[in-house]
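What follows draws every value from the coordinates through simple rules; no lab data is involved. Everything quoted here is computed from the prediction, not taken from an experiment. All Cβ positions, glycine included, derive from the backbone under ideal geometry; neighbour counts span all protein chains shown.
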Amino acid sequence: MSNPFENYKPDFCTSGTFMRLPSESEIPKVAILGIPFDTAASYRVGARFGPQAIRQASMCLSSYHALLDVSPFEETNAIDIGDLSVVTQNIHKSYEIIENGMFDLMKKGIVPIGLGGDHSITLASLRAAAKAYGPVALLHFDSHTDTWDTYMDEKYWHGSPFIRAHEEGLIQPKKVVQIGMRGWDITSSLDLGYNVISQNQLFTRGIDEVILQAKSIIGDTPCFLTFDIDFVDPAYAPGTGTPEVGGFSSHKTLKLIRSLTGFNFIGFDLVEVLPSFDPTQTTALLAATIVHTFGSLVALKVRQDSIMKK
């Protein structure tokens, strides 16, 4: 009689990778990588430990996404290549490391999912995306626009990646959709030509209508998705650097992410998870579940593309 627990590992036993993914596989379509840089944060620091916390929380997840009917990391031969060796005291050297790491994956047709880190890291990822695909579309979930110019005379910080991306020509302004904003002013984004949907508009109009609008704006353009965990109300995600009350619940957030089928995603990141303010690991678990859903979206597209080729 066979032992059903012969290859079983308890949830607290981890290989150090997301959901125990291997570091190599045959023709991977998805790659997880940690980007533990947080020196550009303006308030709380500690998001450099976010990748580690997210990976640990991922041990609780199922390999199957029941609501999307897909096994995301099996169907994409996903890998976890570990953390990039950023330089904590030098944002520009770190940007080079991040850009090279992301581009190395993108040029092979692999969809990277970056685990941050503060939101400044996304600028480097967009540099890699533009190098691989030309100026891309951007789908941005956050409570802040992150289009402020400078902070204490510094141009490169976690509040400025999307004004810098505009200046560098990395994105197509008319195909930038920012969703969930409720902190500070949105004028700076509107001046750049971005489409901004505030948290109040999202509540009033509903998920289906807002995502339909985003799809009509972005279409089939290669799209990078960046998700700041402070999009979620701090009652559900307290472990973050700049919390803003009045956000979505974890339930509605996951429903929103699941609705993002049909986009041409070429990369993702999830940022601003700060474990020291997450005593019960609810933020890390939500972040891991969102990453699991990102993988599911890629798997669905891989499945669809396979069907189209037949």
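Couple of notes before you dig in:
- Expressed to the nearest 5 percent, the antiparallel share of DSSP beta bridges inside the chain is 10 percent.
- Here the relative contact order of the chain, from alpha carbon pairs under 8 Å that lie six or more residues apart, stands at 22 percent.
- Principal-axis tilt of helix 121-133 within the chain, Cα atoms, nearest 10 degrees: 80 degrees
- Semi-axis lengths (Å, descending) of the ellipsoid that matches the C-alpha gyration tensor of the chain: 28, 22, 20
- On Cα atoms only, tilt of 207-218 relative to the major axis of the chain in degrees: 70 degrees
- What the Cβ-Cβ distance of LEU190 and SER306 gives, at R0 = 30 Å and to the nearest 0.05, is a FRET efficiency of 0.15.
- Helix-only CD estimate at 222 nm, as mean residue ellipticity for the chain, using -39500 (n - 2.57) per DSSP H run (n ≥ 4): -10500 deg cm²/dmol
- At R0 = 51 Å, FRET efficiency that the Cβ-Cβ distance of VAL87 and LYS255 yields, to 0.05: 0.85
- 0 to 90° range, to nearest 10: angle between helix 91-106 axis and the chain longest Cα axis: 50 degrees
- Highest average packing first - 86-96, 109-119, Cβ atoms within 10 Å: 109-119, 86-96
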